[in-house]
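As structure tokens, the structure follows; a few thoughts come after it.
Taken together, the values in this text are just the output of simple stated rules run on the coordinates, not laboratory data. Treat the numbers as computed from the prediction; the structure is a model and nothing was measured. Cβ placement follows ideal geometry from the backbone for every residue including glycine, while neighbour counts extend to all protein chains displayed.
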Amino acid sequence: MGKYFGTDGFRGEANVDLNPVHAFKIGRYLGWYYSRERKAKIVIGKDTRRSSYMYENALAAGIVASGADAYLLHVTTTPCVAYITRSEGFDCGVMISASHNPFYDNGIKLLNGEGEKMDDALQDAIEQYIDGQIGELPYATRDQIGCTVDFYSGRNRYIGRLTAIADCPFENRTIALDCANGSTWMIARAVFNALGAKVLVINDRPDGLNINRGCGSTHIGGLQEFVRESRADCGFAFDGDGDRCLAVDERGEVVNGDKIMYICAKSMKRRGHLPSNTVVTTVMSNLGLYKALDEAGIGYEKTAVGDRYVYENMKENNHLIGGEQSGHIIFRKHARSGDGLITAIMVMREMIQTNLPLSTLAAPVKMYPQVLKNVVVTDKELTLANERVQREVAAVEADLGSDGRVLLRKSGTEPVLRVMAEASTPALCEESVDRIIAAMEAEGLLVEVRR
């Protein structure tokens, strides 16, 4: 990770960590970089945060000042920007969003011409330009100044693409949607209406300040209650920029990303659409998912936490489905990153084709209780390499056997180790984590434990 760009773009509090000058300079560099040999086209989308409009204007100004054309999708999802970038021949795409964060945060995500996350080398160069380590870039003049183009039609093309993926009508189905007052607030209703479903929507009244506030995939309780009250067949909750989706079954119970991956992978295998017979997960997926995949005869691979690492594994090994428990799921045949609407469509399609309720489809995945504690240590590497800590980890794993597991993971930004255990009971999880932390303390490596 660089100074400004992390695994998911340049993110921070609006006008504190990320200001319009940053956005203008990003636009300046992108416009110059892609227009060195010909006039470039760059497409921009944004979510519903109040500050997103500010960054949209600043980015567009920087892009056209460098001689490229800026195409504005306005409020749309990150997956829409990714799809339009690759399908309409844009040089790169930009999404203004802080995803599931509160309204006062924002971010700038950069995508290459294939709709994939931009490579680190180019982002590093942009950081150098922001910090004045690269000389001033030339301004375009006269007829070389770029144009700003309203590109609402791009959203309609994306909606058309989504409805084509479904390949079956959703008639006689009642679907509840929680749009998180974010990017999906118009698109989600349009997609499911076009597919013939009866659509019930909550949190589709964005005001610039209410995105993700007590709603969406990070606050799913409201959708659970809504599904029960409305007696919907199921519900889907999205995050602020629409790249994540969690589901709620007909009983109002949450169907998380692990369960969704199981449902969809099993469907793909049955249809002959899972040639590698493998699901790509992160190390944080639940043991219950792996046991269910074993029972279904489906393999799996594990990556570091982050959808970027999931996609890299999928691309390198030609796997077609992967994702995270949080609902960031990638169907590589259709998208280069997570797309909450595609996820919802895939789940609905399986419900219709099997004529089974969502609760039944998800039932084989028995989620194991999990306890995770954030442990501040004197040195992360020394703690992980400590012989006593390693012995205790091995002892806990041996005691848990095949009915549990432990995981130690480093924080990327703090002197923190995340100690996690899954086991048959919450008490056993707690005991397992505490045994490992006690070993750290005995070696003088522990500073404090955070929940």
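Applying a DSSP loop filter and a limit of 12 other Cβ atoms within 10 Å to the trypsin sites (Lys or Arg not before Pro) in the stretch 1-94 leaves 3, 36, 38. Ellipticity at 222 nm from helices only: DSSP H runs of n ≥ 4 in the chain, each -39500 (n - 2.57), divided by the residue count, give -12000 deg cm²/dmol.
Considering only 165, 15, 66, the residue lying farthest towards the positive end of the dipole of the chain is 165, judged by Cα position with unit charges set on Cβ.
Comparing Cα centroids, the stretch 264-289 and the stretch 1-73 end up 36 angstrom apart.
Secondary structure note: in the chain, about 55% of the DSSP beta bridges are antiparallel. With contacts taken as Cα pairs under 8 Å at a separation of at least 6 residues, the stretch 371-451 carries a relative contact order of 46 percent. Here the average projected area of the convex hull drawn through the C-alpha atoms of the stretch 156-362 stands at 10.5 nm².
Based on Cα contacts under 8 Å between residues 6+ apart, the chain shows a relative contact order of 12 percent. Packing, taken as the mean count of other beta carbons within 10 Å per residue, orders the peptides 150-157, 185-192 from highest to lowest as 185-192, 150-157.
Its relative contact order, with pairs defined as Cα atoms under 8 Å and 6+ residues apart, puts the stretch 76-120 at 39 percent. About its Cα centre, the dipole of the stretch 25-179 is roughly 380 debye, where the only charges are +1 on Lys and Arg Cβ and -1 on Asp and Glu Cβ. Of the GluC sites (Glu not before Pro) found in the stretch 122-226, those that fall in a DSSP loop while having at most 12 other beta-carbon atoms within 10 Å are 136, 171. The stretch 318-451 has equivalent-ellipsoid semi-axes of 37, 19, 12 Å, by the square roots of 5 times the alpha carbon gyration tensor eigenvalues, sorted largest first. For the stretch 1-150, rounded, prolate or oblate, judged on the Cα gyration tensor with a ≥ b ≥ c (square roots of eigenvalues), a/c < 1.5 rounded, else prolate if a/b > b/c? In terms of gyration-tensor shape, rounded. The alpha-carbon of residue 46 sits under 26 angstrom from the alpha-carbons of these lysines, leaving out residues fewer than 8 places away in its chain: 3, 25, 109, 117, 333.
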